Amino acid sequence: MKKLLIVAFLGLGIGFSACNKSDSGSEMTRVNVRLTDGPGAYDAIFLNVKEVKVLSSSGESTIAVNATPFNILRFRMGKDTLIASQDIPSGRLQEVRLILNDTGNTVVINGITYPLTTPSGQSSGVKIKVNETLEAGVAYTMLLDFDAAKSIVQTGNGKYILKPVIRAIPNAVSGSITGMISPAASSPKIYAIAGTDTLGTISDATGKFWFPGVAAGTYKVEIKPTVTPYVAKTITDVVVVTGSTKDLGTITIN
């Protein structure tokens, strides 16, 4: 039996495998950490993840990351990458912390590489609250969704800071929205709105956009071009169904 839980930086991912027992006889559950990304207007963003700490009712577990700095922008629009995998004691999952190395985190803008600093991420870790049970005999996957557009902050002196925005996407109780903006040169910001809840993203270089982890319901999708003279457009009555993707097709911006 498998159970899937997705987590987002709002846009890294975590997975869990079948359980076994440790030498002491305690029940163990394999945790696979997966990472995906929301689009951002950068050439590349290289993350150098040191380890992942998992806090649960059974205590704290450290999962080593066997990866060199990788470009998170390669893993978007439904793609993800496995960054860590390990057996940990079963129990009630409370928090996940992503620990970055002191060096190796960079952003590439217009062909120029800039170092990224993340004070909190390098010490106690980027903290993601999770409320999920790691059950014996159940395979889990946790996907961390990193929001590139909101996670990079430029300072007044021309330096860049990494302040990761991550969210947990409960795949079992959610769907998704996708579509294609034409022309892509309009470079719009796109919002999915239901009541007081708003999700935001941008399209990629081809005009494609994707909202993962969208709760079931009826949404209004607003497309707001950032380039003149293109005009904003609103699509109403966008119905999202659990476990499926609502494809809006090609949306033409006048």
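Values computed for the structure shown
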item	result
Sorted peptide list for 40-47, 157-164, 242-249, criterion being average Cβ within 10 angstrom, highest first	40-47, 157-164, 242-249
Theoretical FRET efficiency, 1/(1+(r/R0)^6), r = Cβ-Cβ of Asn101 and Val231, R0 30 Å, to 0.05	0.10
Of Thr62, Gly91, Met77, farthest towards positive along the dipole that unit charges on Lys, Arg, Asp, Glu beta carbons give segment 53-98	Met77
Under Karplus coefficients 6.51, -1.76 and 1.60, residue-wise ³J(HN,Hα) of segment 79-86 in Hz, glycine/proline x	8, 8, 9, 7, 10, 7, 7, 6
Carbon plus sulfur fraction of accessible area for segment 160-254, probe 1.4 Å, in percent	54 percent
Per residue value of the accessible surface for segment 24-120 (all protein chains in place, 1.4 Å probe), Å²	44 Å²
Efficiency of FRET between Ala44 and Leu248 - r from beta-carbon atoms, R0 25 angstrom, step 0.05	0.30
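The values are calculated or read from the model by the stated rules, or taken from the named source; none is laboratory data. Small disclaimer: the values here were computed from a predicted structure and weren't measured. Virtual Cβ from ideal backbone geometry, glycine too; neighbours counted across all protein chains shown. The area values use the complete protein model at the heavy-atom level, side chains included, leaving out ligands, DNA and RNA. Shrake-Rupley method; radii C 1.70, N 1.55, O 1.52, S 1.80 Å.
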